[in-house]
Amino acid sequence: MIADALRLSVYFGESVTSGGILSSDALMDCFERHEPPAATLLRGVEGFGANRRIHAARFPDLSTDLPLLAVAVDEHDRIRGMIDAVDEAVPRGLLTLEHALLATGNDVASAETPDGPGRAAKLSVYCRADERIDGRPAGRQVAEILRRHGATGAVALHGADGVLRGERARLRVLSVRDRPIVTIVSVGPRELLARCLPRLAEALHDPVVTLEAIAQVKHDGRLLEPPPSVATRERDEPDLWQTIRVYTRRSAQVDGRALYSELTRRLREAGAAGATTVLGDWGFSSDEPAHGDRLGRIGSHRPSYTVYVDRPERVAEIWPVIDEVTAEHGVVTSLLVPGYRERIGETTHGSLDVAERAAWVATLAQHRPPERPRAGAARPGDHWTAELVRRAQAFAELRGGHAPIVRVTLDGGERFFLFDLEPGPGDALVTLYPHPARYAEMLRAADGAPLAPRAIVVRRDAIAEVEFLHRAPRGTRSLVTLNPRGRASNDDAAAPSPGRADVPCQDMI
């Protein structure tokens, strides 16, 4: 079977109850009755929601109300048909709906990624924990197949309960017969993930997979493409939300904390709607060997999977926080979500009225941001700064860059990324505006535009080196681009020339 489908995700706390029983049990009973091709319940290790309190499985924040994430995939009408039962099972939580392509059995080999914003794909594979491929656990072998075929990263998530092809699969204490469901989530270029499908169809017994079009925004600090954005919508247009997913490992650290813990903390401080982190059992990133916990290894190397969902305008405001935390580690993806509803008893926010795929994709295409206009004409006496901007823009455009990155070194040894510059005061001087060490230090103009908090006035001959970078070095956030205001030369100005000596330049790739 190959069919357009919806992915239903339910975020709630493990203490939530319905009719005197835990909502987690009630929800999985609901899924068992409706028999979706695949459904799973994942236990989170850290997260927060509407109450703004972080719940974590670590000291000193040890919580008895850890976050849960339940996922079910099925055809549109069948998912819509179970929403009322899901509401009854989970009276307090968040529901999202995302478009996906569902493929099962031998048809997996011929499945194709559906249309959508972004140049990458997300492939989810559902199988049982006791299934084997070449004598090894299927979850680990699927991850290895994906790694060999060029996927950017993958994480195997073991569910505590679930349904696969109509059969319940739960994990119980002291039971050796349980066969929990493993969900292997991978991301990467569409064409490379497509090459995995025939091999997966051959290796797995009656496989179940979903494919989604996504934007793969960052990989180990490198910005690959900007997150998809949506302009202001008319009242009659479908409401859209946005999800950011961060794949990394437990051993990745930021400021002395696990990356996912620091990300959760900063998202909460920034006013994000909520976030949930689940630990995987096995996974990989880039071309490194797959990793997980092993006997004799100090520290945990289990992969982590963090999900943040919010309105697109809020994601845009909070993006610098995510960008800074993932400056060195992690795979960051983004997807626009057509259905989102937060519910606390009778109080609800958002809507699950999902537009059909064709109308939804057309809406996104209509609202894609226009190309950034080039800066305006140069002013008299502005030739040096205008030429520097022109060269930086030409360097970025020739290499497919999103925006120029310029790093300046002064005679005294100070080195920084250049946010902006302007001529003067005087013919021999130039004013430089460096990016601060953290994006949170940026100021805001009256129109909301970011402003660098520091200015340096130097002689032009005191600039020892100007580097044009194809991408920000690893360990640096991606938001260190040059943001000139009206200082690019007009069409009559001289074209950039590598041989010109009036601007010190060293191209770095």
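So here's what we get for this one:
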read-out	value
Given (1) surrounded by 21 or more Cβ atoms within 10 Å (Cβ to Cβ); (2) among the small types (Gly, Ala, Ser); (3) within 16 Å of VAL10 (Cα to Cα), index of the condition GLY118 fails	(3)
Where a residue in region 301-320 is farther than 17 Å from TRP282 by Cβ and its partner, wherever it lies, is among the acidic types (Asp, Glu) and surrounded by 20 or more Cβ atoms within 10 Å (Cβ to Cβ), with Cβ under 8 Å and at least six apart	ILE318/ASP310
Residue pairs meeting the criteria (Cβ under 8 Å; at least 6 apart or on separate chains; first in contact (Cβ under 8 Å) with a residue 12 or more places away in the chain, in region 129-158; second hydroxyl-bearing (Ser, Thr, Tyr) and surrounded by fewer than 18 Cβ atoms within 10 Å (Cβ to Cβ))	THR152/SER286; GLY153/SER286
Strands (runs of 3 or more DSSP E) enclosed by region 395-480 - at least 2 residues per element that are in the same structural domain as TRP319 (by TED's automatic domain parsing) and of a type in the set (A, V, I, L, M)	none
Test: residue in region 420-433 that is closer than 21 Å to ILE322 by Cβ and in contact (Cβ under 8 Å) with a residue 40 or more places away in the chain	no
Residue match in region 498-508 (condition: surrounded by 13 or more Cβ atoms within 10 Å (Cβ to Cβ), in contact with a strand residue (DSSP E or B) (Cβ under 6 Å, 6 or more places away or on another chain) and at pLDDT 90 or above)	no
Search result, residues across region 1-30 that are buried (at least 24 other Cβ atoms within 10 Å of the Cβ) and closer than 14 Å to ALA160 by Cα	SER23, SER24, LEU27, MET28
Filter result for ASP87 (in a helix (DSSP H, G or I), more than 19 Å from GLU167 (Cα to Cα) and in the same structural domain as GLY280 (by TED's automatic domain parsing))	yes
Check on ASP77, outside any strand (DSSP E or B), closer than 28 Å to ARG33 by Cβ and without any contact (Cβ under 8 Å) to a residue 12 or more places away in the chain	yes
Complete set of residues in region 219-267 that are closer than 18 Å to TYR340 by Cβ, modelled with pLDDT of 85 or more and not hydrophobic (A, V, I, L, M, F, W, C)	GLN242, THR243, ARG245
Some residue of region 110-123 being over 21 Å from THR333 (Cα atoms) and touching a residue at least 12 places away in the same chain (Cβ under 8 Å)	yes
Test: residue in region 446-455 that is of a type in the set (A, V, I, L, M) and at pLDDT below 90	yes
Counted residues, region 45-68 - those being farther than 18 Å from GLU342 by Cβ, at pLDDT 70 or above and surrounded by fewer than 15 Cβ atoms within 10 Å (Cβ to Cβ)	0
Filtered residues of region 456-488 (kept if of a type in the set (Gly, Ala, Ser) and under 28 Å from GLY221 (Cα atoms))	ALA464, ALA472, GLY475, SER478
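The rows are residues; the columns are (1) assigned by TED's automatic domain parsing to the domain that holds ARG265; (2) assigned to a strand (DSSP E or B); (3) more than 29 Å from LEU267 (Cβ to Cβ); (4) touching a strand residue (DSSP E or B) at 6+ places or on another chain (Cβ under 9 Å).
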| position | (1), (2), (3), (4) |
| --- | --- |
| SER9 | yes, yes, no, yes |
| MET28 | yes, no, no, yes |
| GLU98 | yes, yes, no, yes |
| ALA109 | yes, no, yes, yes |
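Condition check ((1) assigned by TED's automatic domain parsing to the domain that holds LEU68; (2) outside any helix (DSSP H, G or I); (3) closer than 21 Å to GLU98 by Cα) across all residues:
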| residue | (1), (2), (3) |
| --- | --- |
| LEU123 | yes, yes, yes |
| VAL142 | yes, no, no |
| LEU157 | yes, yes, yes |
| ARG170 | yes, yes, no |
| LEU192 | yes, no, no |
| HIS205 | yes, yes, no |
| VAL209 | yes, yes, yes |
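The values are calculated or read from the model by the stated rules, or taken from the named source; none is laboratory data. Being a predicted model, the structure only gives us computed values, none of them experimental. Positions of Cβ are backbone-derived with ideal geometry, glycine not excepted, and every protein chain shown enters the neighbour counts.
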